[in-house]
Amino acid sequence: MYNADKKRYDNMIYNRCGKSGLKLPAVSLGLWHNFGDTGNFENMRQMCFTAFDSGITHFDLANNYGPAEGSAEINFGKILREDMFAYRDEMIISTKAGYYMWPGPYGDWGSRKYLIASLDQSLKRMGLEYVDIFYHHRPDPETPLEETMEALAQIVRSGKALYAGISNYDGPALEKAEAILRDLHVPFVINQNRYNIFDRRIEKNGLKEKAKELGKGIICFSPLEQGLLSDRYLEGIPEDSRIRTDGRFLKEDRISEDTISKVRALNEIAKKRGQTLAEMALAWILKDGYVTSVIVGASRPSQILDNVKAIENISFTEEELAEIDKISLS
Ligand SMILES: NC(=O)c1ccc[n+]([C@@H]2O[C@H](COP(=O)([O-])OP(=O)(O)OC[C@H]3O[C@@H](n4cnc5c(N)ncnc54)[C@H](OP(=O)(O)O)[C@@H]3O)[C@@H](O)[C@H]2O)c1
């Protein structure tokens with residue numbers, strides 16, 4: 001029987017999500033990979049326990065996480081039910097809808113029909129009455145934004161989610177969504193976007209600045225560029241790495257000589273700072289206070305223990321930042 005570490009809150013930083021009342025741990029755990037049917041259930045349990053024991057109160061899911069789609073929610077629901085339900089009120093559990101989930105016209109994108117049906121399915125899979133944050137997972141170019149946002153409003157009003165979020169929107173799209181949600185009095189608190197040393201899109205598309213201006217949080221996904229920003233691929237492609245075990249999204253052709261030489265140079269800076277490259281990559285995202293939390297993925301508990309150490313040093317000298325930019329943006 002799992003008993004959470006009594007000191008679980010001592011070493012984590014909790015950042016306010018924009019100007020809302022919600023605080024999130026600086027490091028959150030994402031269940032996109034390694035929690036599906038192809039993963040090892042005991043390893044999943046241990047990762048959830050290690051995360052929670054380290055002060056990671058936030059677990060990020062989506063309807064389609066697996067494989068198969070839905071299986072990460074089922075496995076997480078089982079862990080909750082069997083081991084962690086006593087701690088439900090100490091947790092922030094999020095899920096999303098927006099990518100393909102079931103066949104036909106109602107299982108994808110951003111219609112009211114899809115979002116409401118999908119959240120009902122997610123709640124059943126996880127055995128929950130409500131999630132803490134429900135996201136629209138990606139903008140839908142065909143459904144009127146008003147319809148998607150009204151669906152988020154109804155979901156919150158019905159008590160099936162406490163807060164609303166949007167994911168993969170850019171600055172101008174955030175501004176439009178925020179105006180609608182404000183009119184509807186929806187507690188919209190957070191943007192979930194991709195951001196890391198190699199991927200600077202939110203700096204260019206206005207999202208980073210606009211979220212701050214509107215008082216909304218930002219939570220970043222793939223902060224380690226799916227593992228590239230770590231020591232994982234320094235000596236080739238390990239058999240137990242994401243590329244080999246689940247090459248759906250991180251493919252072997254990402255490991256070019258050019259990329260690995262950049263990773264090696266970044267690794268040298270991390271060493272001088274007394275951090276692993278993964279720790280430095282996470283600290284780099286958290287350095288200026290724009291980002292509420294980084295959502296890390298992990299394939300084993302030891303990676304989670306490494307990643308939470310990032311918060312021990314999130315300040316960088318001007319020289320370090322310039323050097324990181326020179327390496328990563330060249
Ligand atoms: N909203 C969206 O559209 C969206 C999209 C993608 C992801 N997400 C969310 O973001 C979460 C994180 O995404 P991600 O999994 O791509 O994140 P990531 O943190 O960039 O990559 C995770 C991978 O990096 C490796 N790793 C982690 N910690 C390490 C360490 N300390 N040392 C060495 N290697 C380490 C592991 O790879 P190995 O398996 O090789 O060990 C792990 O599976 C997802 O689970 C999901 O919740 C959201």
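Could you tell me which of the residues Tyr106, Tyr65, Tyr99 is assigned to a loop (DSSP other than H, G, I, E, B), surrounded by 22 or more Cβ atoms within 10 Å (Cβ to Cβ) and among the aromatic types (Phe, Trp, Tyr)? Quick ask: steps written out before the conclusion?
Numbers: Tyr106 fails: surrounded by 22 or more Cβ atoms within 10 Å (Cβ to Cβ); Tyr99 fails: surrounded by 22 or more Cβ atoms within 10 Å (Cβ to Cβ).
Among Tyr106, Tyr65, Tyr99, only Tyr65 is assigned to a loop (DSSP other than H, G, I, E, B), surrounded by 22 or more Cβ atoms within 10 Å (Cβ to Cβ) and among the aromatic types (Phe, Trp, Tyr).
Residues of the range 241-276 being of a type in the set (A, V, I, L, M) and in a loop (DSSP other than H, G, I, E, B), which ones?
Once the filter is applied, which keeps residues that are of a type in the set (A, V, I, L, M) and in a loop (DSSP other than H, G, I, E, B), the range 241-276 yields Leu250, Ile255.
Hey, can you tell me all the residues within the range 274-285 that are away from the ligand (no atom under 12 Å from the Cβ) and open to solvent by 30 Å² or more (accessible area, probe 1.4 Å)?
Matches in the range 274-285: Gly274 only.
Wholly within the range 150-215, which helices (runs of 4 or more DSSP H) include no fewer than the required count, namely at least 1 residues that are of a type in the set (Lys, Arg) and under 17 Å from the mean Cα position of the chain (by Cα)?
Here the list reads 201-204, 207-214.
Listed here are the residues, each with its yes/no results for (1) in contact with a Ser or Thr (Cβ under 7 Å, 6 or more places away or on another chain); (2) within 20 Å of Ala151 (Cβ to Cβ).
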{"position": "Tyr65", "(1), (2)": "no, no"}
{"position": "Ser71", "(1), (2)": "no, no"}
{"position": "Ile74", "(1), (2)": "no, no"}
{"position": "Arg81", "(1), (2)": "no, no"}
{"position": "Pro103", "(1), (2)": "no, no"}
{"position": "Trp109", "(1), (2)": "yes, yes"}
{"position": "Asp120", "(1), (2)": "no, yes"}
{"position": "Lys124", "(1), (2)": "no, yes"}
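Which condition does Pro238 not pass, out of (1) closer than 30 Å to Pro187 by Cα; (2) outside any helix (DSSP H, G or I), if it passes all the others?
(1)
Can you tell me which residue within the range 233-263, out of those that are near the ligand (Cβ under 8 Å from one of its atoms) and within 20 Å of the chain's Cα centre (by Cα), is farthest from Lys326 (Cα to Cα)?
Step by step, filter the range 233-263, then rank; the result is Asp246.
If you take the residues in the range 286-301 that are touching a Leu at 6+ places or on another chain (Cβ under 8 Å) and within 11 Å of the ligand (Cβ to nearest atom), which one is most open to solvent (accessible area, probe 1.4 Å)?
Gly297
Table: residues versus (1) touching a residue at least 40 places away in the same chain (Cβ under 8 Å); (2) open to solvent by 40 Å² or more (accessible area, probe 1.4 Å); (3) of a type in the set (A, V, I, L, M, F, W, C); (4) within 22 Å of Asp170 (Cα to Cα).
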{"site": "Asp53", "(1), (2), (3), (4)": "yes, yes, no, no"}
{"site": "Leu61", "(1), (2), (3), (4)": "yes, no, yes, yes"}
{"site": "Phe85", "(1), (2), (3), (4)": "no, yes, yes, no"}
{"site": "Asp89", "(1), (2), (3), (4)": "no, yes, no, no"}
{"site": "Asp120", "(1), (2), (3), (4)": "yes, yes, no, no"}
{"site": "Arg125", "(1), (2), (3), (4)": "yes, yes, no, no"}
{"site": "Glu129", "(1), (2), (3), (4)": "no, yes, no, no"}
{"site": "Asp140", "(1), (2), (3), (4)": "yes, no, no, yes"}
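Looking only at the range 302-315, count how many residues are open to solvent by 30 Å² or more (accessible area, probe 1.4 Å) and over 15 Å from Asn15 (Cβ atoms).
The initial filter retains those residues of the range 302-315 that are open to solvent by 30 Å² or more (accessible area, probe 1.4 Å), namely 302-303, 305-306, 309, 312-315.
Subset that is over 15 Å from Asn15 (Cβ atoms): 302-303, 305-306, 309, 312-313, 315.
Result for the range 302-315: 8.
Kindly establish whether Ser71 is under 21 Å from Ile219 (Cβ atoms) and either small (Gly, Ala, Ser) or modelled with pLDDT under 95 (or both).
Working: under 21 Å from Ile219 (Cβ atoms): no; either small (Gly, Ala, Ser) or modelled with pLDDT under 95 (or both): yes.
When the stated conditions are applied, Ser71 does not pass them.
Kindly list, by first and then second residue, each pair from a residue in the range 242-256 that is closer than 18 Å to Val296 by Cα to a residue that is of a type in the set (Ser, Thr, Tyr) and not in a loop (DSSP other than H, G, I, E, B), limited to pairs with Cβ atoms under 8 Å and residues at least 6 apart or on different chains.
From residues that are closer than 18 Å to Val296 by Cα, there are no pairs.
Could you list all residues from the range 142-159 that are of a type outside the set (Gly, Ala, Ser), crowded, with 21+ Cβ neighbours inside 10 Å and in contact (Cβ under 8 Å) with a residue 40 or more places away in the chain?
Matches in the range 142-159: Ile155 only.
Mind checking which residues of the range 33-62 are at pLDDT below 95 and assigned to a helix (DSSP H, G or I)?
Once the filter is applied, which keeps residues that are at pLDDT below 95 and assigned to a helix (DSSP H, G or I), the range 33-62 yields nothing.
Let me spell it out: the conditions are (1) open to solvent by less than 20 Å² (accessible area, probe 1.4 Å); (2) near the ligand (Cβ under 10 Å from one of its atoms), and Phe221 meets all of them except one. Which number is the exception?
Condition not satisfied by Phe221: (1).
Quick check on the range 174-183. Is at least one of its residues open to solvent by less than 10 Å² (accessible area, probe 1.4 Å), near the ligand (Cβ under 8 Å from one of its atoms), out of contact with any Ser or Thr (no Cβ under 6 Å at 6 or more places or on another chain) and modelled with pLDDT of 95 or more?
No, there is no match, as no residue in the range 174-183 is open to solvent by less than 10 Å² (accessible area, probe 1.4 Å), near the ligand (Cβ under 8 Å from one of its atoms), out of contact with any Ser or Thr (no Cβ under 6 Å at 6 or more places or on another chain) and modelled with pLDDT of 95 or more.
The values are calculated or read from the model by the stated rules, or taken from the named source; none is laboratory data. What you see is a predicted model, and the numbers here were worked out from it, not measured in a lab. Quick reminder, even Gly has a Cβ in these numbers, built from the backbone with ideal geometry, and neighbours come from all protein chains shown. Side chains included, ligands, DNA and RNA excluded: accessible areas come from the protein's heavy atoms. Shrake-Rupley method; radii C 1.70, N 1.55, O 1.52, S 1.80 Å.
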